[in-house]
Amino acid sequence: GAVVSQHPSRVICKSGTSVKIECRSLDFQATTMFWYRQFPKKSLMLMATSNEGSKATYEQGVEKDKFLINHASLTLSTLTVTSAHPEDSSFYICSASPLAGRGNEQFFGPGTRLTVL
Amino acid sequence: DAKTTQPNSMESNEEEPVHLPCNHSTISGTDYIHWYRQLPSQGPEYVIHGLTSNVNNRMASLAIAEDRKSSTLILHRATLRDAAVYYCILRDPFNTGNQFYFGTGTSLTVIP
């Protein structure tokens with residue numbers, strides 16, 4: 001149990017286009033999901049906290065107009081990278097905390113590799 | 001958030017025990033100690049967590065110092081599949097945000 005999926009697993013796009021990444025909790029509900037990005041050989045950097053039914057909370061230095069987050073249901077959050085540029089190329093990872101019980105754990109998705117040409 | 005300090009890298013021979021240290025001298029009384037690991041090109045995977053007492057599960061053991069200012073993740077018999085980056089993270093469940101902030105982690109190499 002407690003599986004988180006991401007789609008797509010990898011995406012290549014042209015500079016200036018927008019890319020949407022989905023994060024789903026498959027067997028549990030989550031009021032809160034989190035989005036991270038990770039550059040090669042570096043640690044995960046928390047970008048934002050996605051709250052079901054309300055606006056996301058962004059970490060300092062993360063552009064909210066650049067990285068649009070929507071958490072429309074208790075099992076789905078989406079991250080849209082708008083007007084992507086090569087410097088946005090990264091590994092994007094989401095995580096979710098179960099609504100009930102096991103609140104100390106976060107379950108991570110497998111990640112989405114974004115390459116912007 | 002309280003900070004953790006881990007060695008950048010460690011090596012272990014296959015089938016030998018591995019002790020991965022983590023220092024967290026500014027830990028608060030309500031911070032849980034979490035360990036996650038990340039294999040290349042994958043999302044992090046939960047390993048273990050604890051508050052004050054030592055913890056055991058099928059993957060590992062967590063030894064927590066009496067003053068809680070340090071902890072050690074113990075892999076009892078390292079296998080090649082244990083080669084990963086191991087992250088020690090503090091989290092306060094009373095923090096409504098429930099965020100995890102990752103440090104640099106320890107890259108574990110397992111030598112056959």
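What follows draws every value from the coordinates through simple rules; no lab data is involved. Just so we're clear, the structure is a prediction, and the values are computed from it rather than from any experiment. Positions of Cβ are backbone-derived with ideal geometry, glycine not excepted, and every protein chain shown enters the neighbour counts.
Here are some notes:
- Prolate/oblate/rounded call for segment B:24-104, Cα gyration tensor, a/c under 1.5 rounded: oblate
- Here the label points at A:His85 and B:Ala63, each 7 Å from Cα along the C-beta direction, are separated by 5.0 nm in the simple model.
- Against the empirical curve 2.2 N^0.38 Å, the C-alpha radius of gyration of segment B:1-69 lands at a ratio of 1.18.
- Prolate/oblate/rounded call for segment A:20-78, Cα gyration tensor, a/c under 1.5 rounded: oblate
- Mean-square fluctuations from a GNM of chain B, with a 10 angstrom spring cutoff on Cα atoms, peak among B:Asn13, B:Asn54, B:Asn95 at B:Asn95.
- Cut-off 11 Å between beta-carbons: net charge of the residues surrounding A:Ser15, Lys and Arg +1, Asp and Glu -1: -1
- Average partner coverage of A:107-115, which counts Cβ from other chains inside 10 Å: 3
- Per residue of peptide A:30-43, the mean number of Cβ atoms on other chains within 10 Å of the residue Cβ is 2.
- Chain A - percent relative contact order, Cα under 8 Å, separation 6 or more: 37
- Free-standing Cys residues across chain A, given no other cysteine C-beta under 4.7 angstrom: A:Cys13
- Where labels lie 7 Å past Cα in the beta-carbon direction, separation of B:Asn95 and B:Thr79 in nm: 3.3
- DSSP bridge analysis restricted to chain A gives an antiparallel fraction near 90%, rounded to the nearest 5.
- R0 of 41 Å, Cβ-Cβ distance B:Lys3-A:Lys14: FRET efficiency to nearest 0.05: 0.55
- Cα-based shape type of the protein assembly as shown, given that a ≥ b ≥ c are square roots of the gyration tensor eigenvalues and the cut on a/c is 1.5: prolate
- Summed residue charge, Cβ within 10 Å of B:Leu108's Cβ, Lys/Arg positive, Asp/Glu negative: -1
- Fully extending the segment from A:Phe39 to A:Asn51, taken as 0.36 nm per residue of separation minus the present Cα-Cα distance, adds 1.8 nm.
- Charge dipole magnitude, Cβ of K and R +1, D and E -1 - chain B, Cα centre, debye nearest 20: 160
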